[in-house]
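The values are calculated or read from the model by the stated rules, or taken from the named source; none is laboratory data. Computed from a predicted model, the values in this text were never measured in an experiment. When we count neighbours, we look across all protein chains shown, and the Cβ atoms used for this are built from the backbone with ideal geometry, even at glycine.
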Amino acid sequence: MSATTIHRDRPLITAWSAVSPYGLGRDAFAAGVGRGEPAHRVPDFDTRKVLGKAGTRTYDRATGLAVTAVRELLDEAAAAEQPIATGGGTALVLGTTLGSAHSAAGFSRASFEGDKPYDVPAQLMPNVLMNGPAAATAIRFDLKGPNTTLAGGAAGGLLALGYARRLLAAGRAERALVGAVEEQSDTRAWLADAPDTPLGEGGAVLLVETARTLPPGRRVLAELLALDVRLDVDEDPEAALAATVRDALAQADATPDQVWAAAVTGQPAEDRLAALVGTEAVRRVRTAGLLGDTGSAGTVFSVTTVLALAEQDPAAAGRLAVIASLDHQGLAACAVLRLAGGDR
């Protein structure tokens, strides 16, 4: 995808990385997706061993996953001689369901178990706040641009992408690190909407830029053509999903036959999505079946899955990917991406 074929102001995904049940980094994730083996927990993940002891004493698991995902992205870009600038021009936008449920529950429990309600581990208070992982990540890597956390459940990753799009369009940032993170814990399992679905965990981060600020030599992986979000008000959530997919395709001036890959996370709705864009496109991406319920990270993992698969298939070049979500409250979202495809 050359600079002459992309809209000057549209968001462009130019790099990505992940901390996933397949291990640390982009290559581990791509290899795991390629094997198609289910996995649900990030293996052997100990925050202080992965990130070192300096500054990590109070990190909870969600914070450790977020910081590690961004570290992997920055390190991989530097290794490819395409370093990502930090400082004031770089925003960080993370999606979440409600932050770390485990940390919040533990902190609340301490207020009941102590001699006095205020006998709580004050040093752990940042972990109770849903923006704790984003704040810790920005501090560690000198990300001085806008720092935002969006609680949106299954749609969290797409809401983060839409927020970053607005930041870039308004000139509030030159680039944005966009992702989502969810930890696996007993507390989250207790709160799960679908207790029969295996819980997954991890974090994925995208580098989002525009053609106006794209550094020389940076390769475009995908272009965000459209993003639509809506809430079901007719007590027919699958109809809301269908409407948001159709409207997103219309915004992209695209037709279903152009869709190479499609995925929906949250509530099971693959059949409805397949009826809109074709069974083959939906079968190509099985992120939820591989990783389980990864909450707000599910849509970002769907994006990284599509990008990993597109890298290996020249037929993906110029085709579209539909990334959708639907939660039990009827919040539906859909993004349409145009893929560069081809070997890296």
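Those residues that are of a type in the set (Asp, Glu) and either in a helix (DSSP H, G or I) or at pLDDT 95 or above (or both), I need them from the stretch 153-198; list them, please.
Keep residues of the stretch 153-198 that are of a type in the set (Asp, Glu), which gives 174, 182-183, 186, 193, 196.
Residues satisfying the conditions are Glu174, Asp186.
Which of the numbered conditions does Glu235 fail, given that it passes all the others? Conditions: (1) under 26 Å from Gly89 (Cα atoms); (2) surrounded by fewer than 24 Cβ atoms within 10 Å (Cβ to Cβ).
(1)
Here is a check on your reading of the model: is Thr47 β-branched (Val, Ile, Thr), in contact (Cβ under 8 Å) with a residue 40 or more places away in the chain and surrounded by 13 or more Cβ atoms within 10 Å (Cβ to Cβ)?
no
Restricting to the stretch 172-190, count the residues that are under 11 Å from Asp293 (Cβ atoms) and surrounded by fewer than 21 Cβ atoms within 10 Å (Cβ to Cβ).
Count: 1.
Suppose we keep only residues that are among the charged types (D, E, K, R) and in contact with a strand residue (DSSP E or B) (Cβ under 7 Å, 6 or more places away or on another chain) within the stretch 133-171. Which one would you say is surrounded by the most Cβ atoms within 10 Å (Cβ to Cβ)?
Among those that are among the charged types (D, E, K, R) and in contact with a strand residue (DSSP E or B) (Cβ under 7 Å, 6 or more places away or on another chain), it is Arg165.
Starting from residues that are in a helix (DSSP H, G or I) and out of contact with any strand residue (DSSP E or B) (no Cβ under 8 Å at 6 or more places or on another chain), keep the ones in the stretch 65-94 and report whichever is nearest to Gly157 (Cα to Cα).
Val67
Got a number for residues in the stretch 304-337 being among the hydrophobic types (A, V, I, L, M, F, W, C), surrounded by 24 or more Cβ atoms within 10 Å (Cβ to Cβ) and part of a helix (DSSP H, G or I)?
So the count comes out to 3.
Do the conditions hold for Ala62, that is, is it modelled with pLDDT under 95 and assigned to a helix (DSSP H, G or I)?
Taking the combined requirement at face value, the residue satisfies it.
Assuming Ala248 fulfils every condition listed in (1) under 22 Å from the mean Cα position of the chain (by Cα); (2) small (Gly, Ala, Ser); (3) not in a helix (DSSP H, G or I) apart from one, which condition is it?
Of the numbered conditions (1) under 22 Å from the mean Cα position of the chain (by Cα); (2) small (Gly, Ala, Ser); (3) not in a helix (DSSP H, G or I), the odd one out for Ala248 is (3).
Looking at the stretch 7-42 only, could you name the residues that are assigned to a loop (DSSP other than H, G, I, E, B) and either free of Cβ contacts under 8 Å to residues at least 40 places away in the same chain or closer than 18 Å to Val181 by Cα (or both)?
Result: Pro21, Tyr22, Gly25, Ala39, His40, Arg41, Val42.
Consider Thr68 carefully, then state whether it is modelled with pLDDT under 95, under 15 Å from the mean Cα position of the chain (by Cα), crowded, with 20+ Cβ neighbours inside 10 Å and among the β-branched types (Val, Ile, Thr).
No.
Enumerate the pairs (first residue in the stretch 72-96 and within 17 Å of Arg218 (Cα to Cα) and without any contact (Cβ under 8 Å) to a residue 60 or more places away in the chain; second residue anywhere and surrounded by fewer than 20 Cβ atoms within 10 Å (Cβ to Cβ) and of a type in the set (Asp, Glu)) with beta-carbon separation below 8 Å, excluding pairs fewer than 6 apart on the same chain, so at least 6 apart or on different chains.
Listed pairs, sorted by first residue: Thr86/Asp142.
Of the conditions (1) over 22 Å from Val67 (Cα atoms); (2) in contact with a helix residue (DSSP H, G or I) (Cβ under 7 Å, 6 or more places away or on another chain); (3) of a type outside the set (A, V, I, L, M), Arg188 satisfies every one except a single condition; which number is it?
Status for Arg188: all satisfied but (1).
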